[in-house]
Amino acid sequence: MTAPADPVPAGLWDSLGWEPTPEQLRQLMALQQQLRHWNARLNLTRLVDGDDYWIAQVYDSLWPWRELLNGPQPPAQPLRCLDVGTGGGFPGLALAIALPHARLTLVDSVGRKAEAVKAMAASLGLGERVQVRWERAEATGHASSCRGQQDWAMARAVAAAPVVAEYLVPLLRASGRALLYRGLWSPEDQTCLERAAISLRAEVERVERIDLPGGRGVRHAVVLRPSAPCPASYPRAVGLPAKQPLA
């Protein structure tokens, strides 16, 4: 039998300036139970209990979205967002709950993980707004239904920043943004990403830093924006972005 959801740490939502509705909180708690259920079968993630779940998964997924979380609801047009390397469903499923008018595409190269995330989304009542694709990020970047269509493309704990940029930038519409979730971020990291961005015809728009609640460490959100259409050659063939990073 699945254990009940853990209580939310006190004051968790304060620095977001946002608090989930009762229905959103129910979904976040149900997501923890679903994650435990599937994690026992697939070892999706070790971050499933207590602060590991609420801070290192949920809060860490949501904090770069503070402006949108506190913006007008619903927006004029549903946001189209794509999560590359979603793994156990983060940040994608957390965002689907927190942004009820967004449409999410979640991509993972491991078929069993993709199937688990699809089942979790359906169980949470998110199936109409969440699409799950089992494929490599390089393939997603050339799929006509994804390339150049996204308001936001994001990746969390996937690969080095230049590699992630090559996965994400081709997915963006002209007004879109790429969000790279990072832990530590150095001037050298910044330089490498800026060099890679030149080839992709993008530029670093901003870098935000926070300390996670509960002493859970430093996080950075790195945002890229297109400066011109991404060359059709990117992303390169499967495996090349990681083997031969642009920077």
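The values are calculated or read from the model by the stated rules, or taken from the named source; none is laboratory data. Nothing here was measured: the structure is a model prediction, and the numbers come from that model. Cβ placement follows ideal geometry from the backbone for every residue including glycine, while neighbour counts extend to all protein chains displayed.
Quick notes on this one:
- The lone criterion from (1) over 24 Å from Leu12 (Cα atoms); (2) at pLDDT below 95 left unmet by Gly217 is number (1).
- Within segment 114-128, the set of residues being surrounded by fewer than 23 Cβ atoms within 10 Å (Cβ to Cβ) and either among the aliphatic types (A, V, I, L, M) or closer than 28 Å to Val238 by Cα (or both) comprises Ala114, Glu115, Lys118, Ala119, Ala122, Leu124, Leu126.
- Within segment 192-202, the residues that satisfy the criterion of being in contact (Cβ under 8 Å) with a residue 12 or more places away in the chain and not aliphatic (A, V, I, L, M) are Cys192, Arg195, Ser199, Arg201.
- In segment 163-178, the residues that are closer than 17 Å to Thr191 by Cβ and crowded, with 24+ Cβ neighbours inside 10 Å: Val164, Ala165, Glu166
- Some residue of segment 21-32 being more than 14 Å from the chain's Cα centre (by Cα), crowded, with 16+ Cβ neighbours inside 10 Å, not in a helix (DSSP H, G or I) and not aromatic (Phe, Trp, Tyr): no
- Candidates are the residues of segment 185-233 that are part of a helix (DSSP H, G or I) and of a type in the set (A, V, I, L, M, F, W, C); the one that is surrounded by the fewest Cβ atoms within 10 Å (Cβ to Cβ) is Ile198.
- Filter pass, Ala114 being over 26 Å from Leu16 (Cβ atoms) and among the aliphatic types (A, V, I, L, M): yes
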